[in-house]
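Encoded as structure tokens, the structure appears first; notes follow it.
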Amino acid sequence: MARGPRYKRSLRRRNEGKTDYHKRLKLLKSRKLRVTVRATNDHMRVQIIQSKLGGDKVLISAFSKELPLKFDWNANTGNIPAAYLTGYLAGTRAKAKNIQEAIFDLGIFYHKNRVLAACKGVIDSGINIPYREEFFPENLEDRIKGTHIEDYAKILKSNEPEKYEQIFSGYINKKKVNPLKIDQLFSNSLKLIENKS
């Protein structure tokens, strides 16, 4: 370990790769509401946060666990379509509370495509958030609807049926979802979010 009069150990959350303090300070100085997206292997959480001196206040929150309970999303809650639906749900809740604009606070993020899908969901719900066009990859629209899952399932089912049964056993056996109809499931859940929120 380094020693000396000018050595300064960086903050714990910076060492862990969780917080970029220089970026966070710029976001706080803007005094705008922040949209945070956090991803784990199985779930997504999208929040709209207001910064205050006493601590941050969460105004809106959407969690991907809500999708199977309220919006008939029976597929995986940690994939790209579920991330988009979670972002869209957070955005519609924000619109209902008269929140019109915010900024992204993504910090140091992993699970890039799922985070970007959730961001796209917030934007598509009607919240005004500044971003550059190159922020989203070109094929993200198709992946949001789950067509990449459907295409992979079709290829496996025709070429390697045993591998298809093994990889999609969670969809077929546990969740009773046809992986060849993810696009239809996505559309139904999106309509339910629009109608209920």
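Any read-out appearing in this document is the output of simple, stated calculations on the displayed coordinates, not a laboratory observation. Because the structure is predicted, anything quoted here is derived from the model rather than measured. In this analysis, Cβ positions are derived from the backbone assuming ideal geometry, glycine residues included, and neighbour counts consider all displayed protein chains.
Hand me the list of helices (runs of 4 or more DSSP H) wholly inside the range 1-72 holding 1 or more residues that are over 22 Å from residue 130 (Cα atoms).
Of the helices (runs of 4 or more DSSP H) lying wholly inside the range 1-72, those with at least 1 residues that are over 22 Å from residue 130 (Cα atoms) span 12-15, 66-70.
Out of the residues in the range 54-72 that are of a type in the set (Gly, Ala, Ser) and surrounded by 15 or more Cβ atoms within 10 Å (Cβ to Cβ), which is farthest from residue 31 (Cα to Cα)? Don't jump to the end; show me each part of the working.
Taking the range 54-72 first, the residues of a type in the set (Gly, Ala, Ser) are 54-55, 61-62, 64.
Still in the list and also surrounded by 15 or more Cβ atoms within 10 Å (Cβ to Cβ): 61-62, 64.
Numbers: 61: 19, 62: 22, 64: 28 Å.
Within the range 54-72, the match that is farthest from residue 31 (Cα to Cα) is 64.
Among the listed residues 42, 105, identify the single one that is in contact with a helix residue (DSSP H, G or I) (Cβ under 6 Å, 6 or more places away or on another chain) and either more than 30 Å from residue 188 (Cα to Cα) or charged (D, E, K, R) (or both).
Only one candidate passes the filter, namely 105.
I need the full set of residues from the range 139-153 which are buried (at least 21 other Cβ atoms within 10 Å of the Cβ) and either aliphatic (A, V, I, L, M) or more than 17 Å from the chain's Cα centre (by Cα) (or both), in order please.
Selection gives 144, 149, 153.
Does residue 180 qualify as being in a helix (DSSP H, G or I), surrounded by 15 or more Cβ atoms within 10 Å (Cβ to Cβ) and free of Cβ contacts under 8 Å to residues at least 24 places away in the same chain?
no
Whether any residue in the range 87-94 is outside any strand (DSSP E or B), in contact (Cβ under 8 Å) with a residue 24 or more places away in the chain and surrounded by fewer than 17 Cβ atoms within 10 Å (Cβ to Cβ) is what I want to check.
Within the range 87-94 (the criterion being outside any strand (DSSP E or B), in contact (Cβ under 8 Å) with a residue 24 or more places away in the chain and surrounded by fewer than 17 Cβ atoms within 10 Å (Cβ to Cβ)), the answer is no, since none of the residues qualifies.
Output yes when any residue across the range 124-133 is farther than 13 Å from residue 85 by Cα, assigned to a helix (DSSP H, G or I), hydrophobic (A, V, I, L, M, F, W, C) and in contact with a helix residue (DSSP H, G or I) (Cβ under 8 Å, 6 or more places away or on another chain), and no when none is.
Quick first cut of the range 124-133, residues farther than 13 Å from residue 85 by Cα only: 126-133.
Filter again for assigned to a helix (DSSP H, G or I), leaving 133.
With hydrophobic (A, V, I, L, M, F, W, C) added as a condition, the list becomes none.
Looking through the range 124-133, none of the residues is farther than 13 Å from residue 85 by Cα, assigned to a helix (DSSP H, G or I), hydrophobic (A, V, I, L, M, F, W, C) and in contact with a helix residue (DSSP H, G or I) (Cβ under 8 Å, 6 or more places away or on another chain).
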